[in-house]
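Quick notes on the structure that follows.
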Amino acid sequence: MQSYNLKHIKELEAESLFVIREVVAQFEKPVLLFSGGKDSIVMLHIAYKAFYPAGLPFPLLHIDTGHNFPETLQYRDELVARLKARLVVGSVQESINNGRVAEEIGINASRNVLQTVTLLDAMEEHGFDAAMGGGRRDEEKARAKERFFSHRDEFGQWDPKNQRPELWNLFNGKKYQGEHFRVFPLSNWTEMDVWQYILLENIPMPSLYFSHYRECVNRKGVLLARSEFIKLQKDEKWEKMKIRFRTIGDMSCTGAALSDASSIEEIIEEVAAARQTERGTRADDKRSETAMEDRKREGYF
Amino acid sequence: MNKFSSNGYLDMELLRFTTAGSVDDGKSTLIGRLLYDSKSIFEDQYEAIRLTSERRGEEYVNLALLTDGLKAEREQGITIDVAYRYFATPKRKFIIADTPGHIQYTRNMVTGASTANLAIILVDARKGVIEQTRRHAFIASLLGIPHMVMCINKMDLVDYDEAVFEQIKKQFQTFASKLNVKDIQFIPISALNGDNVVDKSVNMNWYGGPTLMYLLETIHIGSDLNLVDCRFPVQLVIRPHNNDFHDYRAYAGRIAGGIFKPGDKVMVLPSGFTTHIKSIEGPDGPVKEAFAPMSVSIRLEDELDISRGDMISRENNKPEVSQDIDVMVCWMNAKKLQLNGKYSIKHTTRDARCVIKKIHYKINVNTLHRIQDDKEIGINDIGRISIRTTQPLFFDKYQLNRNTGSVIFIDEATHETLGAGMII
Ligand SMILES: Nc1nc2c(ncn2[C@@H]2O[C@H](COP(=O)(O)OP(=O)(O)OP(=O)(O)O)[C@@H](O)[C@H]2O)c(=O)[nH]1
Ligand SMILES: [Mg+2]
């Protein structure tokens with residue numbers, strides 16, 4: 001007998017498809033936040049399916065910190081061309097030039113926090129009223145508290161103590177002019193789900209996710225890749241290592257992991273055996289116990 | 001077999017469960033224990049909570065910190081909003097909603113419970129069943145959660161005494177006999193020490209039943225969705241503006257009930273026109289059949305005027321169509337429900353407005369009796385109301401279908417979600 005039981009990956013996909021379509025139905029000018037990382041790649045892949053054979057009914061927004069891996073930008077541009085998508089870029093460098101934000105100083109300086117201002121400015125400039133992000137609840141303890149439809153006030157802030165109840169699959173996207181929503185279609189996916197789905201769907205991934213040799217510096221256990229944005233401190237040195245990235249963010253704060261995994265199957269094995277969370281390699285989360293919550297309150301991704 | 005080998009992994013079933021019960025009964029600790037003992041915690045996560053517990057001078061590593069992730073929660077030692085956690089065993093993949101017990105945050109408990117197939121209800125063995133336990137159990141039953149597991153927790157504080165367990169079990173059974181739940185099980189546990197959570201307790205030989213983990217892995221969940229009554233609320237219309245798909249028109253949505261196949265004769269509401277299904281597009285291309293909860297798009301043989309909020313169903317098995325609807329409402333806002341008040345509502349993919357025509361009664365959550373003389377429905381109250389909507393809704397009783405039987409009430413001025421309604 002045919003079993004009418006949707007397996008969990010397909011159920012997660014069905015949920016994400018529904019959420020993305022709901023965004024298009026409920027908002028006037030949605031946008032998909034595309035970082036070039038695996039979560040936004042999967043989200044975009046599902047978004048494409050959601051409207052096929054029609055094209056994507058919204059543009060992609062990339063917040064360019066100016067500290068991106070060149071591989072990320074190349075992958076982004078190829079994907080945009082292949083999907084015939086529209087791409088909007090918000091530049092942190094411009095925000096700095098315009099005096100909207102000031103560059104951080106010190107050895108752990110990063111543009112990660114600055115992205116929030118650029119993001120909110122870009123949303124305002126283009127009049128986007130909903131931004132879909134690839135955030136997953138299993139990534140981090142403050143993210144574990146997010147709704148699918150997350151309301152932001154006119155300052156783009158999140159109020160975690162006062163979130164709207166979210167019942168069943170009835171998403172309330174009502175808001176006033178000037179307010180907006182963040183929507184997280186992949187809320188219920190885990191890192192393992194994402195990789196299993198990439199394998200199942202045969203989604204091409206940026207080379208950064210696969211094992212390769214690269215010069216890195218070990219800074220308090222975080223392996224940072226060599227670039228013009230990292231200045232060596234006393235007693236530090238570049239060493240050639242066999243690494244891959246588990247998450248891809250800004251070059252100034254994304255740590256690499258020693259790895260031999262050179263295929264999706266091997267990555268899955270590695271993720272299954274991992275004893276550290278993927279964000280364990282992110283210097284931006286190590287700033288304080290509530291670093292993520294604090295950034296999210298201000299309007300971070 | 002390796003639990004993450006792709007065949008095994010992709011084949012797993014998904015169980016969504018929620019915690020419930022009064023404040024401090026140990027819900028978050030239990031979830032922490034479940035994650036920890038099933039080896040679903042990463043070293044850096046464990047290290048972070050170990051350090052926090054140590055800094056706060058706590059005797060144990062406080063496993064509740066795994067879910068109580070907000071600053072305010074950690075300061076107060078209580079859960080404020082739902083935390084979602086995930087783990088997998090070789091048998092199943094789990095989505096956990098750890099909800100707050102404090103009455104002030106009941107709305108967040110309802111949020112976590114609304115999508116669950118199973119509720120774990122905790123009781124502190126020293127306190128037994130109290131009002132908040134009853135409120136949560138009642139809400140869980142109203143929400144139609146088919147399986148309930150009552151964990152009598154903190155058994156370590158009552159010398160693992162069987163008599164205490166039996167007495168609380170009886171106390172709850174008396175109450176639960178008035179609830180509409182198919183399946184209730186009872187387990188004596190200590191979330192703090194891990195007794196009967198993942199591993200069988202050595203302190204309670206008198207208990208011969210399963211551990212919580214065993215139950216979660218084996219409970220039968222296959223038949224929880226309605227696969228009989230075909231319901232497809234149209235979410236949006238897909239019309240490509242390109243030459244390859246010139247006359248293409250498909251209706252996208254998530255199947256809310258039943259099984260649809262190409263060739264099926266269907267009726268579209270509100271128009272009442274009938275036609276046949278030409279094809280069904282799944283996420284990976286055309287499919288031979290589609291069932292709840294799949295997201296698909298449906299193409300029809302005839303060109304009809306169909307838009308978001310319309311419903312595709314069967315001619316001889318339609319949902320009810322009406323503007324006058326009776327609802328059990330769970331109110332979640334400090335502003336009281338207003339008789340004759342007007343609200344925005346959302347039901348499937350349909351937006352409408354409604355006026356509250358009548359408040360029939362409120363429910364005493366302790367006795368489940370109807371309170372007829374006080375009809376003020378305020379925050380955390382549950383009661384039966386009649387509403388009239390601006391346009392007809394296409395609905396089923398909530399008991400028959402959670403997707404077509406649920407409705408939310410929204411404040412027209414502030415846009416807050418005020419109440420959860422279950423159609424009766
Ligand atoms: N002795 C003992 N203490 C426990 C047990 N389970 C939980 N506790 C303690 O009870 C207190 C409350 O536990 P939590 O897990 O935060 O309770 P909760 O139900 O999540 O509370 P809210 O989410 O605020 O409703 C903590 O101090 C726990 O250490 C147990 O089995 N035995
Ligand atoms: Mg708790």
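Looking at (1) part of a helix (DSSP H, G or I); (2) closer than 26 Å to B:Y105 by Cβ, which is the one condition that is false for A:K174?
(1)
Quickly run through the range B:41-62 and pick out the residues that are without any contact (Cβ under 8 Å) to a residue 40 or more places away in the chain, of a type outside the set (D, E) and more than 10 Å from chain A (Cβ to nearest Cβ).
Residues satisfying the conditions are B:R50, B:S53, B:R56, B:G57, B:V61, B:N62.
If a residue counts only when it is within 27 Å of B:R85 (Cβ to Cβ), which strands (runs of 3 or more DSSP E) contained entirely in the range A:189-256 have at least 1 such residues? Write out each step before concluding.
Details: elements: A:212-219, A:222-225, A:239-244.
Correct list: A:222-225, A:239-244.
What strands (runs of 3 or more DSSP E) completely inside the range B:307-424 contain at least 3 residues that are more than 14 Å from chain A (Cβ to nearest Cβ) and within 30 Å of B:M294 (Cα to Cα)? Can you show your working first?
Values: elements: B:311-313, B:320-331, B:342-347, B:350-363, B:382-395, B:406-410, B:417-423.
Fully inside the range B:307-424 and qualifying: B:311-313, B:320-331, B:382-395.
It is to be established whether one or more residues within the range B:293-309 are free of Cβ contacts under 8 Å to residues at least 12 places away in the same chain and either surrounded by fewer than 19 Cβ atoms within 10 Å (Cβ to Cβ) or within 21 Å of A:S16 (Cα to Cα) (or both). First the steps, then the outcome.
In the first step, residues of the range B:293-309 are kept if they are free of Cβ contacts under 8 Å to residues at least 12 places away in the same chain; the result is none.
No, every residue in the range B:293-309 fails to be free of Cβ contacts under 8 Å to residues at least 12 places away in the same chain and either surrounded by fewer than 19 Cβ atoms within 10 Å (Cβ to Cβ) or within 21 Å of A:S16 (Cα to Cα) (or both).
Looking at B:R74, B:R85, which one is farther than 26 Å from B:V329 by Cβ, at the interface with chain A (Cβ under 9 Å from one of its Cβ atoms) and within 11 Å of ligand 1 (Cβ to nearest atom)?
B:R74
Being among the acidic types (D, E) and closer than 18 Å to A:G299 by Cβ is the filter here; which residues of the range A:135-160 pass it? Can you show your working first?
Initial filter on the range A:135-160 (among the acidic types (D, E)): A:138-140, A:146, A:153-154, A:159.
Correct list: A:E139, A:E140, A:E146, A:D153, A:E154, A:D159.
It is to be established whether one or more residues within the range B:80-95 are modelled with pLDDT of 85 or more, more than 13 Å from ligand 2 (Cβ to nearest atom), β-branched (V, I, T) and surrounded by fewer than 17 Cβ atoms within 10 Å (Cβ to Cβ).
So far as the range B:80-95 goes, yes, one or more of its residues are modelled with pLDDT of 85 or more, more than 13 Å from ligand 2 (Cβ to nearest atom), β-branched (V, I, T) and surrounded by fewer than 17 Cβ atoms within 10 Å (Cβ to Cβ).
What do you reckon, is B:S53 within 22 Å of the chain's Cα centre (by Cα) and assigned to a helix (DSSP H, G or I)?
Details: within 22 Å of the chain's Cα centre (by Cα): no; assigned to a helix (DSSP H, G or I): yes.
When the stated conditions are applied, B:S53 does not pass them.
Being part of a loop (DSSP other than H, G, I, E, B) and either within 20 Å of A:L44 (Cα to Cα) or open to solvent by 10 Å² or more (accessible area, probe 1.4 Å) (or both) is the filter here, so list the residues in the range A:122-145 that pass it. Spell out how you get there, then give the answer.
Filtering the range A:122-145 for residues part of a loop (DSSP other than H, G, I, E, B) gives A:127-129, A:133-136, A:140-142.
Matches in the range A:122-145: A:G127, A:F128, A:D129, A:G133, A:G134, A:G135, A:R136, A:E140, A:K141.
Could you identify the single residue in B:V158, B:V197, B:V181 that is under 19 Å from B:D24 (Cβ atoms), away from ligand 2 (no atom under 16 Å from the Cβ) and among the β-branched types (V, I, T)? If you could, list the steps in order and put the result at the bottom.
Working: B:V197 fails: away from ligand 2 (no atom under 16 Å from the Cβ); B:V181 fails: under 19 Å from B:D24 (Cβ atoms).
Criteria check complete, one pass: B:V158.
The values are calculated or read from the model by the stated rules, or taken from the named source; none is laboratory data. Not measured: the values here are computed from a predicted model. Positions of Cβ are generated from backbone atoms using ideal geometry, with glycine treated the same way; all protein chains shown enter the neighbour counts. Just so you know, the surface numbers come from the protein's heavy atoms only, side chains and all, with ligands and any DNA or RNA stripped out. Shrake-Rupley method; radii C 1.70, N 1.55, O 1.52, S 1.80 Å.
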